Amino acid sequence: MTKTDLTRRHLLGGAAALGLAGLPGRVRAAGPLTVGFVYVGPKDDYGYNQAHAVAAKALKGLAGVEVVEEERVPETNAVEKTMESMINLDGAGLLFPTSFGYFNPFVIAAAKKYPKVQFRHCGGLWTEKDPKNAGSYFGYIAQGQYLNGIVAGHTTKSKKIGFVAAKPIPQVLNNVNAFLLGAQSVDPAITCQVIFTGEWSLAVKEAEATNALIDGGADVITCHVDSPKVTVETAARRGAFVCGYHVDQSPLAPQKYLTGAEWDWLPIYKGFVADVQAGRSPPNFLRGGLADGFVKMSAYGPAVSDGARRNADAVKAEMMKGGYEIIKGPLKDNAGKEVIAAGKGLPEKALELESTNYLVAGVRGAV
Amino acid sequence: MVADTAASRIAVVPRRPSAAVQVMAWLARRTEAVAIPLGAVLVGLALFSLFLLALGKSPAALVDLVWRGGFSSAFALQNSLQRAAPLLFAALCVALPARLGLVVIGGEGAIMLGGLAAAVVAPPLSAAPAPLVVGAMALAALLAGAVWIGAVGALKAYRGVDATIASLLMSYIAIAIANHLIEGPLRDPTSLNKPSTLPVGDANMLGPMPGLGVHWGLGAGVLACCLAWLLMERTTLGFSARIAGGNVRAAQIQGLPVRRLIVGFTALGGACAALAGFFEVAAVQGNANATLAAGYGFTGILVAFLARHNPLAIPPVALALGGLEASSGLIQRRMQLPDATILVLEGLLFLCLLVGETAYGRFKIFSPHLWASKKEAAA
Amino acid sequence: MSQDLGLWTVPLAVIGGAIRVSTPFLFVSLGETITERAGRINLGLEGTLVFGAMAAYATAVVTGSPWAGVAAAGAAGAGFGLLHGLICSLPRVNDVAVGIALMLFGIGLAFFLGKPFIQPSAPPLPAIPFGFWSDLPQVQAALRVNVLFLVGAALSVALWWAFRHTKAGLVVRVVGDSAEAARAMGYSVTRVRVLATMAGGVLAGIGGAYLSLYYPGSWNEGISSGQGLMAVALVIFARWNPLACFGAALLFGGAGALGPALQSVGVSSGYYLFYAAPYVLTLGLLVATSSPDRALAGAPGELGLSR
């Protein structure tokens, strides 16, 4: 926790002089690169952690790469020790701490302590004042939720759709907004009820929230919690349709699963690994959406109409070109305040999306 | 038990036993206190080895990894000590009320409230010198914890509400209140995806203990354990509490202030737990957020029971558990075993230690009486 | 199709929630009542609950029969209960501590052995549609009652009756109130307590089966958020009375449904506080019904906690 302004400035100057790619790479180029993954929950959770673990598993097949993993690491200083242990005992040269809460202060502290190891954190907001051997990456999965919303908009009969959310944070709010805006692109009369559970993983509360949404009339449900398994199964049992999140949950509800917004971390991880293996410093700040291959969609389920498929496929094709603006002015939040002025729009890499603090008009719920 | 042996010694050996005999008797008692838990741990490890062998994994490899991950190097020890630090305070929150016969299991809530209180007082004082701010933070935490768990004691003393259920309920309530405040009125608007209170400021953060690399919570925790031991074993207050814990009616007949003792000891326990929260904020996180409820309060219950509510036994037990947890990651990575492996091992070891409790006094070789009579017979 | 019920959603959700969520609380607290009535505390039923959930799910996946899962959960619970009962029968062993150890052991073992069963889907337990008379899908959903809930309700009445009117019930109570009296009457205190702890374990295991096979109806490591521990605490709240256990479980389940239901009708701020409603309500009732003089009416005399 000591201030290291001097070193930081020195580093900044150095980096500027060398150019980011010119930073001295790892000396140990001959041996295999050990890549460490840290997960906050179980790695087979049908959700967030699994999305990363699937990519980690695929990395194991690459030549010259060794993968070490640790699951259920809390967002306390335990994660710092986990990373240090991977570095000291396993010789890890590239670390992926995948939970948001790891970044500040733990990843930053570890990066300062181990300047030769590369840290790339999922979800964090790396800035110039953070160590150069740290960085962050994240995908604009709201594009997937927008496509979910389009399919939901074609499928809903009650014109009400529902969202089970963990906490009112920007990454979640983006998804809620996109889900409704996608549905409203089909029918502007559609509304979306959101229920916050307050925790990232709490099975009974997620089931209760799903039931409450369906009791309130919603007939298409999606969610943003760590493990969507409970929500998907509960909704399907109640006869509602579901859109997936994080990974493909269609095996859990083959008839009711419409489509889903999935992560595709493997290309990103492959890129980072290739950079480090080649002695380059991987990018410090990486963001992308469908077009960049960070996000993909589940295959359509049997209940999706032809019209819905055509509509979603067309929008997806637009998104694949890059620069698609889901959040586009004029846009009001659900309290009636204008949040985006007419003529302004936010494409997938817009930094403003990282600090969303509103729910758009038509969402029932409050931040 | 001590009185028992003393009595029997006097019965068998009428004259005052020689110094050598006394030493032998003392040694025998102490050896028993070490040998039985050690034997229990060995039995536990043997059982766990069978479990591992059944799964086709090597028990030797696991023991080696526990040693390497938790104890063998400076880094490993640092890792274990860091994990032990909050457990010291959390265990005291169980051990202090236990002296009065109360089973308090709600330390987690006090940790969270303590951390929140510490984080809340710092920003308004940002102009003050750092020691003052840190002192105010600690004080705020102490107060919050003392009031919260002290209320559990008060409910017990004045309303007859069971402390176990009350502390558990109050813990859930505390965590809910803290989460509400952290994500609502007290949220730092710039804490985007990790809702937190305003930062306490870099200047007010506690550094590591020199030479150890572990934050000051460790030193303070060991000190708190020593103080708690002194209070329990060397003061009238502690003695009164023990009487009240043994038999409330007897204590009341003696004129002991049982109710005030209950409130006092629970409040003290709560204050200890809250200090764990204070150090999480002031030495680790730099603000209060939902991760303050990281389960230390629940692991602390385990530590306290393993230490048999003896404050001096808490630090070594916490270190042992910290070491097991520190090695958990290595075991996951090297042996491809799930993270729950350590949980199974902990449960098994704890069970064996408890079964071991029954062995005290069963082995003649540890009996001071035996040593005394042998010596005398030889003489 | 469903229609908007407005504010009626809330009471309906509370009733539905009480029926859906209460069953694990009910089974665990009934089981703990039997154990505590015999003079032992088993704080480890959280571990039994979680292991029962895993065992039930795994068995149902493998055999395809949810009822086989329930049986497996009950058997596993009996095993944990037996272990607790036997260890506590050794002299100088603290039953609260053994419970904590078994909680750890049960949860650990469940997570360890349950890894391969997180992905597959198990056949759920059947439910009876008591809401057939209504056209409203919300009412139909709220009144879909699982068989285990009915079993639990019947069991609470049966236990209440048995404690009063059967010899076995009387023996358990005598053993719990005064070991000496029981011995004088010629009963083996140890045997009664071990059997009572086993019975408690069986019920807790079945409570776990409900979690994984009906509601929320899936196996993962977050399946229980302390329900087992809370249920043990509810026994004190229910004053060791099986009928009161039923009431306490319903109250707790219903209050738990309040948070999501309120959000769905637009009361969206302060949801953490609404989620704490079951705990606040229980504490409030506990404080209101306690009194310092008759410290714990109905408490078995041999119980460590009731001093």
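For the structure I just gave you, tell me whether C:Leu109 is more than 18 Å from the chain's Cα centre (by Cα) and surrounded by fewer than 23 Cβ atoms within 10 Å (Cβ to Cβ).
For C:Leu109, the condition - more than 18 Å from the chain's Cα centre (by Cα) and surrounded by fewer than 23 Cβ atoms within 10 Å (Cβ to Cβ) - is not met.
Residue by residue through segment A:56-83, note down the ones that are more than 28 Å from A:Glu199 (Cα to Cα) and touching a residue at least 24 places away in the same chain (Cβ under 8 Å).
Selection gives A:Ala58, A:Leu59, A:Leu62, A:Gly64, A:Val65, A:Glu66, A:Val67.
Give the residue that is surrounded by the fewest Cβ atoms within 10 Å (Cβ to Cβ), with candidates limited to residues of segment A:215-238 that are more than 28 Å from B:Asn193 (Cα to Cα) and at the interface with chain C (Cβ under 8 Å from one of its Cβ atoms).
My answer is A:Arg238.
So, of the residues in segment A:43-55 that are assigned to a loop (DSSP other than H, G, I, E, B) and either free of Cβ contacts under 8 Å to residues at least 40 places away in the same chain or away from chain C (no Cβ under 12 Å) (or both), which turns out to be farthest from B:Arg333 (Cα to Cα)?
Among those that are assigned to a loop (DSSP other than H, G, I, E, B) and either free of Cβ contacts under 8 Å to residues at least 40 places away in the same chain or away from chain C (no Cβ under 12 Å) (or both), it is A:Asp44.
In the list A:Ile195, A:Ile141, which residue meets the criterion of being of a type outside the set (Asp, Glu), touching a residue at least 60 places away in the same chain (Cβ under 8 Å), closer than 18 Å to C:Ala13 by Cα and surrounded by 24 or more Cβ atoms within 10 Å (Cβ to Cβ)?
Being of a type outside the set (Asp, Glu), touching a residue at least 60 places away in the same chain (Cβ under 8 Å), closer than 18 Å to C:Ala13 by Cα and surrounded by 24 or more Cβ atoms within 10 Å (Cβ to Cβ) holds for just one of A:Ile195, A:Ile141, which is A:Ile195.
Only one of A:Glu262, A:Glu318, A:Glu325 is touching a strand residue (DSSP E or B) at 6+ places or on another chain (Cβ under 6 Å), acidic (Asp, Glu), more than 14 Å from chain C (Cβ to nearest Cβ) and free of Cβ contacts under 8 Å to residues at least 40 places away in the same chain; which?
A:Glu325
Need a quick list: helices (runs of 4 or more DSSP H) entirely within segment B:203-294 having at least 2 residues that are in contact with a Ser or Thr (Cβ under 9 Å, 6 or more places away or on another chain).
Passing ranges, in order: B:258-279.
In segment C:46-156, which helices (runs of 4 or more DSSP H) lie fully inside it and hold 3 or more residues that are touching a residue at least 24 places away in the same chain (Cβ under 8 Å) and more than 14 Å from chain B (Cβ to nearest Cβ)?
C:66-89, C:137-142
Among (1) over 30 Å from A:Ile214 (Cβ atoms); (2) of a type in the set (D, E, K, R); (3) buried (at least 19 other Cβ atoms within 10 Å of the Cβ), there is one condition A:Lys270 misses while meeting the rest; what is its number?
(3)
Among B:Glu357, B:Glu325, B:Glu280, which is in contact with a helix residue (DSSP H, G or I) (Cβ under 6 Å, 6 or more places away or on another chain), surrounded by fewer than 24 Cβ atoms within 10 Å (Cβ to Cβ) and not hydrophobic (A, V, I, L, M, F, W, C)?
On inspection, the qualifying residue turns out to be B:Glu325.
Residue-wise test of (1) buried (at least 18 other Cβ atoms within 10 Å of the Cβ); (2) closer than 30 Å to B:Ala313 by Cα; (3) not charged (D, E, K, R).
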residue	(1), (2), (3)
B:Glu183	yes, no, no
B:Leu198	yes, no, yes
B:Ala203	no, no, yes
B:Gly211	no, yes, yes
B:Ala224	yes, yes, yes
B:Met232	yes, yes, yes
B:Thr236	no, yes, yes
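Determine whether segment C:251-269 contains at least one residue that is away from chain A (no Cβ under 14 Å) and modelled with pLDDT under 95.
yes
Out of all the residues in segment A:338-364, which are within 14 Å of chain B (Cβ to nearest Cβ), surrounded by 16 or more Cβ atoms within 10 Å (Cβ to Cβ) and either out of contact with any Asp or Glu (no Cβ under 7 Å at 6 or more places or on another chain) or not in a loop (DSSP other than H, G, I, E, B) (or both)?
A:Leu353, A:Glu354, A:Thr356
Would you say B:Ala203 is over 28 Å from B:Phe279 (Cα atoms), in contact (Cβ under 8 Å) with a residue 12 or more places away in the chain and not aromatic (Phe, Trp, Tyr)?
No.
Count, please, the residues in segment B:167-196 that happen to be in a helix (DSSP H, G or I), under 18 Å from A:Trp200 (Cβ atoms), more than 8 Å from chain C (Cβ to nearest Cβ) and among the polar types (S, T, N, Q).
0
Hey, among C:Gly247, C:Gly176, C:Gly207, C:Gly222, which residue is part of a helix (DSSP H, G or I), within 30 Å of A:Val40 (Cα to Cα) and not basic (Lys, Arg)?
From the options C:Gly247, C:Gly176, C:Gly207, C:Gly222, the qualifying one is C:Gly207.
Kindly indicate whether C:Gly284 is free of Cβ contacts under 8 Å to residues at least 60 places away in the same chain and either part of a helix (DSSP H, G or I) or over 30 Å from C:Leu109 (Cβ atoms) (or both).
Yes, satisfied.
Regarding C:Ala162, is this residue assigned to a helix (DSSP H, G or I), more than 14 Å from chain B (Cβ to nearest Cβ) and under 19 Å from C:Gly17 (Cβ atoms)?
Answer is no for this residue.
Take B:Pro97 and decide whether it is assigned to a helix (DSSP H, G or I) and surrounded by fewer than 24 Cβ atoms within 10 Å (Cβ to Cβ).
In short, no.
Inside segment A:87-102, can you point out the residues that are under 15 Å from A:His52 (Cβ atoms) and more than 7 Å from every other protein chain (Cβ to nearest Cβ)?
Selection gives A:Leu94, A:Leu95, A:Phe96, A:Pro97, A:Thr98, A:Ser99, A:Tyr102.
Could you list all residues from segment A:56-80 that are aliphatic (A, V, I, L, M), assigned to a loop (DSSP other than H, G, I, E, B) and more than 10 Å from chain B (Cβ to nearest Cβ)?
Hits for segment A:56-80 are A:Leu62, A:Ala63.
Any residue in segment B:157-166 that is over 24 Å from C:Tyr271 (Cβ atoms), surrounded by fewer than 24 Cβ atoms within 10 Å (Cβ to Cβ), among the hydroxyl-bearing types (Ser, Thr, Tyr) and more than 9 Å from every other protein chain (Cβ to nearest Cβ)?
No - not one qualifying residue is present in segment B:157-166.
All but one of (1) surrounded by 24 or more Cβ atoms within 10 Å (Cβ to Cβ); (2) away from chain A (no Cβ under 14 Å); (3) not aliphatic (A, V, I, L, M) hold for C:Ser218; state the number of the condition that does not hold.
Exception for C:Ser218: condition (2).
Can you name the condition, by its number, that B:Ala84 falls short on among (1) touching a helix residue (DSSP H, G or I) at 6+ places or on another chain (Cβ under 7 Å); (2) surrounded by fewer than 24 Cβ atoms within 10 Å (Cβ to Cβ); (3) within 22 Å of B:Val222 (Cα to Cα)?
Here B:Ala84 meets the rest and fails (2).
When residues of segment A:273-288 are filtered for being surrounded by fewer than 18 Cβ atoms within 10 Å (Cβ to Cβ) and either touching a residue at least 60 places away in the same chain (Cβ under 8 Å) or in contact with a helix residue (DSSP H, G or I) (Cβ under 8 Å, 6 or more places away or on another chain) (or both), how many remain?
4
State all residues of segment B:45-87 that are within 11 Å of another protein chain (Cβ to nearest Cβ), within 20 Å of B:Met335 (Cβ to Cβ) and touching a Phe, Trp or Tyr at 6+ places or on another chain (Cβ under 8 Å); if no residue qualifies, say none.
Hit for segment B:45-87 is B:Ser80, nothing else.
The values are calculated or read from the model by the stated rules, or taken from the named source; none is laboratory data. Because the structure is predicted, anything quoted here is derived from the model rather than measured. Positions of Cβ are backbone-derived with ideal geometry, glycine not excepted, and every protein chain shown enters the neighbour counts.
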